[in-house]
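Written below as structure tokens is the structure these notes are about.
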Amino acid sequence: MTLDLGAFLDGYCAGRTITVPVGPVDEERARLLRVTEQTLAMSIQEMRPGRNWSDIAKLIQKNVESNGFNVVREFVGRGVGKSWIDEPKVPNFYGSDTVRSDFKLRPGMTFTVEPIVLSGGREIELLQDGFTVVTRDRKPAAHVRHTVAVTGNGVDVLTKL
């Protein structure tokens, strides 16, 4: 089950997403959850002022794919602050679009980092309710997100629980 949480305080917003198992899960699903959380943690550790986001996106994709999983391309992180959806777009994969919209991390930036990891193919679909997204092959997926603020020497995770 994925819990997608948002908070608004004094005119600012932040979001946190976690995927948690409901009942017992097999080893492959447990590994999917571990890899997804580890990928988010690794990406945060790699952030520092002056670094290009595309370098982080490349690491995210490499870590996910080297573990036999895929990364969703249709949904990305985003800038947040006083607005829920702002620039920059923060992809979790590397490609020509990532390079074209690349940005350097600089103190004061706030954004979400949110890998969505798929155990099967990369294709997703929107269900008739207009809200629910599932994998086309109906294999498990996991989604995690933190809101971070770039500081002078790294990042602060604003959505630690």
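The values are calculated or read from the model by the stated rules, or taken from the named source; none is laboratory data. Quantities reported herein were computed from a predicted structural model and do not represent experimental measurements. Counting neighbours? That spans all protein chains shown, and the Cβs are built from the backbone with ideal geometry, glycine included.
Please verify whether residue 152 is in a loop (DSSP other than H, G, I, E, B), among the small types (Gly, Ala, Ser) and over 29 Å from residue 10 (Cβ atoms), treating the condition exactly as stated. Give the steps one after another, and end with the answer.
Details: in a loop (DSSP other than H, G, I, E, B): yes; among the small types (Gly, Ala, Ser): yes; over 29 Å from residue 10 (Cβ atoms): no.
No; evaluated as a whole, the condition is false for this residue.
Of all residues in segment 29-85, which are within 22 Å of residue 7 (Cα to Cα) and among the β-branched types (Val, Ile, Thr)? Explain how you work it out, then say what you get.
Going residue by residue through segment 29-85, those that are within 22 Å of residue 7 (Cα to Cα) are 37, 40-41, 44, 75-85.
Those that are within 22 Å of residue 7 (Cα to Cα) and among the β-branched types (Val, Ile, Thr): 44, 76, 80, 85.
If you check every pair at least six apart or on different chains, which have Cβ atoms under 9 Å apart with a residue in segment 9-20 that is polar (S, T, N, Q) first and a residue that is surrounded by fewer than 19 Cβ atoms within 10 Å (Cβ to Cβ) and in a strand (DSSP E or B) second?
Every condition considered, the pairs that remain are 17/2; 17/3; 17/4; 17/5; 19/2; 19/3.
Going by the structure shown, is residue 155 surrounded by 13 or more Cβ atoms within 10 Å (Cβ to Cβ) and within 20 Å of residue 34 (Cβ to Cβ)? Spell out the reasoning first.
Details: surrounded by 13 or more Cβ atoms within 10 Å (Cβ to Cβ): yes; within 20 Å of residue 34 (Cβ to Cβ): no.
Judged against the criteria, residue 155 is not a match.
In this structure, does residue 75 turn out to be crowded, with 19+ Cβ neighbours inside 10 Å, within 16 Å of residue 143 (Cα to Cα) and either among the hydrophobic types (A, V, I, L, M, F, W, C) or without any contact (Cβ under 8 Å) to a residue 12 or more places away in the chain (or both)?
On the way: crowded, with 19+ Cβ neighbours inside 10 Å: no; within 16 Å of residue 143 (Cα to Cα): yes; either among the hydrophobic types (A, V, I, L, M, F, W, C) or without any contact (Cβ under 8 Å) to a residue 12 or more places away in the chain (or both): yes.
It is false that residue 75 is crowded, with 19+ Cβ neighbours inside 10 Å, within 16 Å of residue 143 (Cα to Cα) and either among the hydrophobic types (A, V, I, L, M, F, W, C) or without any contact (Cβ under 8 Å) to a residue 12 or more places away in the chain (or both).
Could you list all residues from segment 129-161 that are farther than 18 Å from residue 18 by Cα and polar (S, T, N, Q)?
Result: 151, 153.
Name, by its number, the condition in (1) surrounded by fewer than 17 Cβ atoms within 10 Å (Cβ to Cβ); (2) closer than 18 Å to residue 148 by Cα; (3) within 17 Å of the chain's Cα centre (by Cα); (4) modelled with pLDDT under 95 that does not hold for residue 95.
Unmet for residue 95, out of (1) surrounded by fewer than 17 Cβ atoms within 10 Å (Cβ to Cβ); (2) closer than 18 Å to residue 148 by Cα; (3) within 17 Å of the chain's Cα centre (by Cα); (4) modelled with pLDDT under 95: (2).
Restricting attention to segment 31-81, and to residues there that are of a type in the set (D, E, K, R) and assigned to a helix (DSSP H, G or I), which single residue is farthest from residue 20 (Cα to Cα)?
Filtering first and then ranking leaves 55.
Restricting to segment 100-148, give me the number of residues that are crowded, with 17+ Cβ neighbours inside 10 Å and not polar (S, T, N, Q). Spell out the reasoning first.
Pass one, segment 100-148, residues crowded, with 17+ Cβ neighbours inside 10 Å: 105, 109-119, 124, 135, 140-148.
Those left that are additionally not polar (S, T, N, Q): 105, 109, 111, 113-118, 124, 140-146, 148.
Looking only at that region, the number is 18.
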